[in-house]
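Notes for the one structure printed next.
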Amino acid sequence: MESKKVVSFKSLNKTVGKFSLKERTFLIPQMNRIGGHLLAATFRGFGIQAKVMDTYKGLDLGKEYTSGKECYPCQITTGDILYFMKKEKERLGEAFDPDDYIYFMPESSGPCRFGMYNKYQRIILDSLPDLNRLKIGSLTTDDGYSLSGLIDSERVSDLRRSSYFSVVVADILDRLLWRIRPYEREPGSTDAFIEHSMHRMEDAFEKHGPGKKFDQILDEMEIIIKEGKDLVDPAIPKKPLIGMVGEIYVRSHVHANQDIIRLLERYGGEVVNASIAEWMNYTSYDRLRDAKIAFRLSMKQLRFGLMKEHLKKIFGYGSELYYQEFRQKKVYDRLAAQIGIVRDHKVGHLEEVLRENDLFSFDAGTEACLSIPGIVEYAREGFNGVVNVYPFTCMPSTITSSIIKPMMEQLDIPYLDTPYDASIQPGREAAIRTFMYQAHQHFNQHGRKAA
């Protein structure tokens with residue numbers, strides 16, 4: 001795959017966007033391992049050939065085609081797709097055809113560089129003669145990650161709802177892992193159990209997802225939680241509770257963050273990471289919020305056609321957000337109390353937290369809207385420390401740090417920034433060890449209130 005000078009640039013509306021997934025292999029980058037696999041299983045249940053790509057094996061390729069100034073996840077995902085296609089070409093030989101695949105790379109609007117990943121990767125793919133026909137399937141926060149155009153229109157709603165449900169269940173499985181592993185009887189047993197459980201849930205989503213038989217899926221999850229409780233050694237005392245926030249990819253990708261949760265556990269912590277469903281809820285909430293603002297403006301201007309258009313959006317995004325929060329609450333109501341899994345924050349409540357002390361505004365957007373009030377809530381809920389995980393030079397997380405650090409000092413709650421790139425920082429473990437020493441001190445003085 002030798003790169004040649006780019007002499008033309010294919011129109012983004014031809015090679016990046018929403019494409020039918022019929023008879024194509026849908027390639028999903030691995031951000032959160034469990035979430036990616038359950039999402040792929042859900043898509044397969046709807047007849048889509050979805051596959052989660054191996055991750056981090058192509059990092060050298062990612063570095064080769066980037067300058068280092070890009071966001072770290074851009075390097076990783078660029079390497080993932082180039083590595084996967086290289087291996088497919090080696091496996092299939094003459095039968096290899098990039099038209100047989102669609103590479104999934106969503107985007108967001110606003111100042112975050114995530115919105116430019118697929119454009120930059122399009123330039124790279126167009127520079128490689130054997131990959132310039134590979135399409136990039138992109139969903140955007142501009143329409144709340146609508147799935148229209150990927151599948152037959154009459155099945156779009158079912159696919160979206162089943163996909164969202166898979167995200168919530170994946171969050172539960174992740175939190176089950178973090179809840180059990182610090183207290184496991186036998187080292188390594190929790191990792192093996194959760195890996196096996198993930199495959200069980202893949203089968204459940206592939207079988208029951210298309211029919212939205214969510215109760216049957218939760219039946220299997222209940223069995224998994226009951227089995228997981230047997231791995232816990234009740235003689236091990238409670239440990240300091242650490243909240244984690246930050247940029248969604250790096251905080252979810254164990255290679256990108258150098259398995260920071262396991263490291264925090266090694267030094268005596270129990271960790272709760274912000275969920276993936278929280279981001280999904282935020283995109284729907286933010287679109288609803290934008291539609292309400294636009295409606296009020298069009299009403300002032302007496303533009304009745306626009307009022308009608310924005311009312312339709314308010315109803316659509318409002319219904320979607322209501323469904324997502326309702327479905328998420330039902331899942332946590334049924335499963336969380338069985339083993340003490342921490343619940344998610346409602347996005348509307350997080351905006352209220354920001355307004356209380358005028359900390360930040362949803363008008364600015366980005367994950368800082370979730371991280372800043374999320375940290376405040378962790379503090380109120382009795383967590384013993386908070387870690388902010390993000391790519392080096394990430395603007396939203398840097399904003400979060402600048403606002404939150406003085407607050408955490410006033411509250412006397414340990415706080416740690418952990419920016420990551422492809423390098424190994426020799427002082428990172430010492431910083432985490434020091435942070436955990438402070439978290440233990442806070443725990444000994446104040447205990448922990450959260451589950």
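The values are calculated or read from the model by the stated rules, or taken from the named source; none is laboratory data. Since the model is a prediction, treat every value here as computed from it, not as a measurement. Here the Cβ is made from the backbone with ideal geometry for all residues, glycine too, and neighbour counts use every protein chain on show.
Some observations on this one:
- When segment 341-386 is filtered for residues that are of a type outside the set (Ser, Thr, Tyr) and touching a Pro at 6+ places or on another chain (Cβ under 6 Å), the ones remaining, listed by number, are Leu350, Val353, Leu354, Glu367, Ala368, Asn384, Gly385.
- Residue match in segment 430-439 (condition: touching a strand residue (DSSP E or B) at 6+ places or on another chain (Cβ under 9 Å), assigned by TED's automatic domain parsing to the domain that holds Thr366 and closer than 24 Å to Asp344 by Cα): yes
- Residue in segment 74-85 that is within 21 Å of Asn257 (Cα to Cα) and in a loop (DSSP other than H, G, I, E, B) present: no
- For first residues located in segment 347-371 and within 15 Å of Thr400 (Cβ to Cβ), partners that are among the β-branched types (Val, Ile, Thr) and not in a helix (DSSP H, G or I) and lie 6+ apart or on another chain with Cβ distances below 9 Å form the pairs Glu367/Val245; Leu370/Val245; Ser371/Val245.
- Just so you know, in segment 336-388 the residues that are part of a helix (DSSP H, G or I), more than 22 Å from the chain's Cα centre (by Cα) and among the acidic types (Asp, Glu) include one that is nearest to Tyr322 (Cα to Cα), and it is Glu352.
- Any hit, segment 216-232, residues being modelled with pLDDT of 95 or more and in contact with a strand residue (DSSP E or B) (Cβ under 8 Å, 6 or more places away or on another chain): yes
- Number of the condition not met by Ser108 [criteria: (1) in contact with a helix residue (DSSP H, G or I) (Cβ under 9 Å, 6 or more places away or on another chain); (2) surrounded by fewer than 21 Cβ atoms within 10 Å (Cβ to Cβ); (3) of a type in the set (Gly, Ala, Ser); (4) at pLDDT below 85]: (2)
- Total residues in segment 428-443, condition surrounded by fewer than 17 Cβ atoms within 10 Å (Cβ to Cβ) and among the β-branched types (Val, Ile, Thr): 1
- Screening Asp80, Asp54 for residues that are free of Cβ contacts under 8 Å to residues at least 60 places away in the same chain and surrounded by fewer than 23 Cβ atoms within 10 Å (Cβ to Cβ) leaves exactly one candidate, Asp54.
- Number of residues in segment 236-267 that are under 28 Å from Pro106 (Cα atoms) and of a type outside the set (Val, Ile, Thr): the value is 13.
Yes/no per residue for (1) touching a helix residue (DSSP H, G or I) at 6+ places or on another chain (Cβ under 7 Å); (2) not hydrophobic (A, V, I, L, M, F, W, C):
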{"position": "Glu320", "(1), (2)": "yes, yes"}
{"position": "Leu335", "(1), (2)": "yes, no"}
{"position": "His345", "(1), (2)": "yes, yes"}
{"position": "Leu350", "(1), (2)": "yes, no"}
{"position": "Leu354", "(1), (2)": "yes, no"}
{"position": "Leu359", "(1), (2)": "yes, no"}
{"position": "Glu367", "(1), (2)": "yes, yes"}
{"position": "Glu381", "(1), (2)": "no, yes"}
{"position": "Gly385", "(1), (2)": "yes, yes"}
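- Where a residue in segment 422-435 is closer than 25 Å to Gly79 by Cα and its partner, wherever it lies, is assigned to a loop (DSSP other than H, G, I, E, B) and at pLDDT below 90, with Cβ under 9 Å and at least six apart: Ala422/Gly68
- Flag for Phe193 being at negative phi, within 21 Å of the chain's Cα centre (by Cα), surrounded by 15 or more Cβ atoms within 10 Å (Cβ to Cβ) and assigned to a helix (DSSP H, G or I): no
- Condition met for Gln425 (polar (S, T, N, Q), farther than 30 Å from Ser67 by Cα and surrounded by fewer than 16 Cβ atoms within 10 Å (Cβ to Cβ)): no
- Ile136, sole failed condition from (1) outside any helix (DSSP H, G or I); (2) surrounded by fewer than 21 Cβ atoms within 10 Å (Cβ to Cβ); (3) within 21 Å of the chain's Cα centre (by Cα): (2)
- Selection within segment 141-188 - part of a helix (DSSP H, G or I), surrounded by 15 or more Cβ atoms within 10 Å (Cβ to Cβ) and polar (S, T, N, Q): Thr141, Ser162, Ser163, Ser166
- Condition check for Ile293: modelled with pLDDT of 95 or more and farther than 30 Å from Ala170 by Cβ: yes
- Test: residue in segment 406-428 that is within 15 Å of Leu263 (Cα to Cα), part of a helix (DSSP H, G or I) and assigned by TED's automatic domain parsing to the domain that holds Gly447: yes
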